[in-house]
Amino acid sequence: MSAKRRHDDNDADGAASSDMKQKKRQVAASSNKNQKRHVAALILARGGSKGIPLKNIKPLAGVPLMGWVLRAAVDSEVFDRYVANIKKVAEAWGAQVHQRSSEVSRDSTSSLETIQEFLEYHNEVDIVCNIQATSPCLHPFDVREALKKITEDGYDSVFSVVRRHQFRWKEVDELSDEKTEAINLDPANRPRRQDWPGELCENGSFYFTTKDLIKTGQLQGGKSIYYEMLPEFSVDIDGDIDWPVAEQRVLRYGYPGKVVRLLFCNVSACLAEGINALSSNTRNTSAIHMLQEKQVEVILLTSSDDAVAQSLAAKLQKRTGCQVMEVGKKPLNDLQEVMKNKSLDWKHVAFMGFDQADEKLLKLAGLSAVPGDAPELASKAAKYICPLSRGSGAVWDFAEHILLQKPMAKPQ
């Protein structure tokens, strides 16, 4: 056989082998795409912070910092489980609690080590999304689109980035004679911002990784790709901005949750003076009317144990234009019947309560609140804690909170 013939045969064998490998990869990708994979969201936040005490549970615009990303994760509807390691916040948002062992609870412990330990207890998990609690402007659509890069496009790891237009310079010792140099530009041909695409930088919002890659000791690697987020959603509480500025950013760009269509308000408990306060207080009734004008239905709840409430129910209904509903010692059963008749899901319902009897409803509602003087048990269950107490306008404050977020809510 001639050398040319052998060369042609080798080329053909090589091409056939390459085609076969490509087909195998396509089959594997197709199999993964069609196979349901267990996806877990992990929010590995610590209760304490050296910079800001109790930062991850500190209210940011009325919502615990960790609560902002938990809400986005839950509403993305792509996770089989949501796991956080701060019980106080996790339970309020329907997440499971993962207690780190002492071996991975040191200040020097990496996220990778904690995730590896989590997988040892949850072998059913195929994909992990490590979400940073310090990125409160995360939205469900970003999470969904990033996950598709693994489940549909066959990547092993996906991480979030943001485009920055910042010129970087080499750091030098100020006491030396060394001159600084430009790292990512030519000073003699300095581009205009609109002529320069900028650079992609990690924003720390989330990291998707397959279990197989994590087992090799990596969170980023294998077949890896980035997911670009818009700058307005790339807020990092760790270093970007201080707390008051962060509150303004999150009110404008944070994910507010599903659009509220119905508010249940336990007026017997939420007003220091009882139901009579709502019927006589102009500010409270104005709050109700504001919600009604924005197509948010309001149902006022009274307790069957409150004799005064029963006697004033008719007057209250006439003044507010709201349905006044008497509930028993287990109000959940009564409210579920109402929601069934209105074809509503809890994600579209807000609830304002006060005491231990309201705990379950505070956890179930898509948006829930308690006055600032509520007992600790109810406060832990609520997603928003009003800065005002019962007798100082808590109902008004919660109504404003609902309306501030309503315009931001977009189809997710």
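List of remarks:
- Computed with a 1.4 Å probe on the full set of protein chains, the accessible area for Asp75 sits at about 10 Å².
- Set of segment 69-89 residues, backbone N closer than 19 Å to the point 7 Å along the Cα-Cβ line of Ser105: 83-89
- Solvent accessible area, Å² - Ser101, 1.4 Å probe, full protein context: 30 Å²
- Gyration tensor verdict on segment 94-177 (Cα atoms; rounded if a/c is under 1.5, prolate if a/b is larger than b/c, oblate otherwise): oblate
- Using a probe of 1.4 Å, the accessible surface attributed to Arg81 totals some 40 Å² when neighbouring protein chains are kept in position.
- Cross-link table Lys315/Lys340; Lys88/Lys294; Lys330/Lys380; Lys88/Lys211; Lys215/Lys258, entries beyond 30 Å C-alpha to C-alpha: Lys88/Lys294; Lys215/Lys258
- Burial ranking of peptide ranges 229-236, 396-403, 204-211 (average Cβ count within 10 Å, highest at the top): 204-211, 396-403, 229-236
The values are calculated or read from the model by the stated rules, or taken from the named source; none is laboratory data. It should be emphasised that the depicted structure is a prediction, and the values quoted were computed from it without experimental measurement. We place every Cβ from the backbone using ideal geometry, glycine too, and count neighbours over all the protein chains shown. For accessibility, only protein heavy atoms count, side chains too; no ligands or nucleic acids. Shrake-Rupley method; radii C 1.70, N 1.55, O 1.52, S 1.80 Å.
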